[in-house]
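Below: one structure, written as structure tokens.
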Amino acid sequence: MIAELLRSWGKVNLFTRPRRFGKSLNMSMLKSFFEIGCDQTLFDGLKISGEKELCEKYMGQFPVISISLKGVEGTNFEAACATLKSVVGKEAMRFPFLLESERLSDSEKALYDQLIQIGGKDQDVYVMSDETLLQSLKTLSELLAKYYGKEVVLLIDEYDVPLDKAFQYGYYDQMVSMVRGLFGNALKTNPCLFFAVLTGCLRISKESVFTGLNNLKTLTITDVRFARYFGFTDAEVKEMLEYYELAKHYDTIKEWYDGYQFGRVGVYCPWDVICYCDKLCADPEALPEDFWSNTSGNNMVRRFINKANGRTKEEIERLIAGEEVIKEIYQELTYSELDKSIEHLWSVLFVTGYLTQHGAAGEDKYRLVIPNREIRKLFVRQIREWFQDAAEKDTPKLDALCDAFPAEDVDTIEELFGDYLWNTISIRDTAVRKEQKENFYHGILLGLLGHKESWLIKSNAGSGIGYSDILVEIPKNRVGLVIEMKYAEDGDMNAACMEALGQIEDRQYTARLKEDGMRTVIKYGIACHKKECKVAKETHPVNGAHPPVSDNPRA
């Protein structure tokens, strides 16, 4: 990567990649390579060490300014500016020798002193003025260049985070103005700059942040250049698994964490692979899990789901089912444009890693897919949460649905649960295993029943000789419910209901409820197919008679 960066020269280089794909690690590598006084043995045995002439010319030859804007946030502009000043101030503090240098004039030392001044109530706040902050990176570049007699390498990691936070909290225009000024001074009118590298998730419009910056080289996830340097390739994952004697887990890791395409290179999410391999080294039976979404918020997905109309819901269903949607990708956006069109949000989902591309489908259009099982699970979970939030707003309807279960009112259960299914997103038939479909409907019903706070509800609870889908204990009249969900692959929901009731009987799922002292136990077999449902029930026999299964034709 270092060799390619130097040979395919760009004065200012912007890499956009989803989070947890090695952006910060690559920036750390660049700092370790270029900075004067670096430990050159770090690169012994690595590919770059074979580039003798390049290493002699560039390794350890430059002053480096390296900042990360990942933590620049606040509920208002003043708070965010304070954290930005802290980031710049702490970086400036790495060069205290500037205050003692005979190469700098007293006025230049005074400029440096303004960058590192600390005050505030606890004497731990950097108190530079806003004007000083706007000039800070350029000022520090000039001072370091004069001290060393060499131009500066500038590294800015997660450049777009302050804008994302500002958009969330309502001070976007103020932060855009601040970042535009800071970057303009450091990158556009800075004669002491050798070259700069920036990273982020979004490629923010030049008109909003990089105004007038004509030397910006943008390298996005659709660009073939540098594609293999962020994320793990298939060959790298295989080599890693062989090294740790984990090769038998290759298929699982590929299913869960592969599937991204940068340029024309297929890549795995490196964070996921590392985390799972770490767990496997400690526990060879460890199951894969979602590591990626837990590393930060999922506001992008939630924003998309909340704006979903009938068309976009259908497109989400297709994606979850393993199909593709063809969408135009807008490579440059401002945050203020995101909510103007649902189509812009597809672009955001793409560049932030929730979707990936499987090839172009025309000018600026791409075949978008969910990359892997991890992200598909995330989509399903987010959909459930969105649906639950929407459902909770309709308390009378929720009460009626829940009350219909102990009342054995099959007609009402079918009608209301069916209505809920029509108003949410289902799991389509193709590409997704039956168990995943059943789990989806299971999760929806579980969330609806959770409306009754006084009910004791257990999911996948051990009972009899197996694990029932849902067990409910209702304190009033000590009524117990056992619910088994089935997905009717062939559309025969009557047969699926009978299969569910048979499973309850054969595996004695009512045992747990009887042990807990329920006086009446009602068994429900519920079948779903796309957005349709069918309900069958049996009351636990008291006198040996079995009430008939409902044959209500409504689905």
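The values are calculated or read from the model by the stated rules, or taken from the named source; none is laboratory data. Keep in mind the model is a prediction, meaning the values are calculated, not measured. As a convention, Cβ positions derive from the backbone with ideal geometry for all residues, glycine included, and neighbour counts pool all protein chains shown. These accessible areas exclude ligands, DNA and RNA; they are computed on the full protein's heavy atoms, side chains included. Shrake-Rupley method; radii C 1.70, N 1.55, O 1.52, S 1.80 Å.
Please find, within segment 51-99, the residue that is nearest to Tyr159 (Cα to Cα) out of those that are within 29 Å of the chain's Cα centre (by Cα) and assigned to a loop (DSSP other than H, G, I, E, B). Ranking the qualifying residues of segment 51-99, first place goes to Leu69. Here the condition is being among the charged types (D, E, K, R), more than 25 Å from Ala321 (Cβ to Cβ) and open to solvent by less than 30 Å² (accessible area, probe 1.4 Å); of Glu473, Glu515, it holds for Glu473 alone.
Within segment 263-289, residues that are surrounded by fewer than 20 Cβ atoms within 10 Å (Cβ to Cβ) reach partners that are of a type in the set (Asp, Glu) with beta carbons closer than 6 Å, at six or more positions or on different chains, in the pairs Gly263/Asp223.
Here segment 23-40 is the region considered, the condition is being over 17 Å from Gly71 (Cα atoms) and either out of contact with any strand residue (DSSP E or B) (no Cβ under 8 Å at 6 or more places or on another chain) or at pLDDT below 95 (or both), and the residue that is surrounded by the most Cβ atoms within 10 Å (Cβ to Cβ) is Phe33.
Considered as a group, the residues in segment 344-358 that are more than 18 Å from Arg376 (Cβ to Cβ) and touching a Phe, Trp or Tyr at 6+ places or on another chain (Cβ under 8 Å) include one that is surrounded by the most Cβ atoms within 10 Å (Cβ to Cβ), and that residue is Ser347. Remark: pairs (first residue in segment 1-22, under 22 Å from Asp272 (Cα atoms); second residue among the aliphatic types (A, V, I, L, M) and surrounded by 21 or more Cβ atoms within 10 Å (Cβ to Cβ); Cβ separation under 6 Å; 6+ apart in sequence or on different chains) = Phe15/Leu219. Please verify whether segment 424-436 includes one or more residues that are modelled with pLDDT of 90 or more and open to solvent by 40 Å² or more (accessible area, probe 1.4 Å). Within segment 424-436 (the criterion being modelled with pLDDT of 90 or more and open to solvent by 40 Å² or more (accessible area, probe 1.4 Å)), the answer is no, since none of the residues qualifies. Can we say Asp389 is among the acidic types (Asp, Glu) and either at pLDDT 80 or above or outside any helix (DSSP H, G or I) (or both)? No.
For segment 84-130, the set of residues classified as of a type in the set (S, T, N, Q), surrounded by 12 or more Cβ atoms within 10 Å (Cβ to Cβ) and over 25 Å from Met178 (Cβ atoms) consists of Ser101 only. Across segment 180-237, the qualifying residues are those that are assigned to a strand (DSSP E or B) and of a type in the set (A, V, I, L, M), and the one among them that is most open to solvent (accessible area, probe 1.4 Å) is Leu216.
Among the residues making up segment 150-170, those that are open to solvent by less than 10 Å² (accessible area, probe 1.4 Å) and farther than 17 Å from Glu91 by Cα are Asp160, Pro162, Leu163, Ala166.
Restricting attention to segment 472-500, the residues that are more than 22 Å from His529 (Cα to Cα) and part of a strand (DSSP E or B) add up to 6.
Only one residue in Asp551, Asp516, Asp490 is modelled with pLDDT of 90 or more and either of a type in the set (Asp, Glu) or touching a His at 6+ places or on another chain (Cβ under 8 Å) (or both). Which one? Quick ask: steps written out before the conclusion?
Working: Asp551 fails: modelled with pLDDT of 90 or more; Asp490 fails: modelled with pLDDT of 90 or more.
Within the list Asp551, Asp516, Asp490, the selection yields Asp516.
Here Gly362 meets the list (1) under 26 Å from the mean Cα position of the chain (by Cα); (2) at positive phi almost entirely, failing just condition (1).
Is there a residue in segment 257-264 that is of a type outside the set (Asp, Glu) and closer than 14 Å to Cys281 by Cα? Checked against the condition, which is being of a type outside the set (Asp, Glu) and closer than 14 Å to Cys281 by Cα, segment 257-264 yields no hits at all.
Scanning segment 360-379 for residues that are open to solvent by less than 20 Å² (accessible area, probe 1.4 Å) and assigned to a helix (DSSP H, G or I), we see that the one that is modelled with the highest pLDDT is Glu374.
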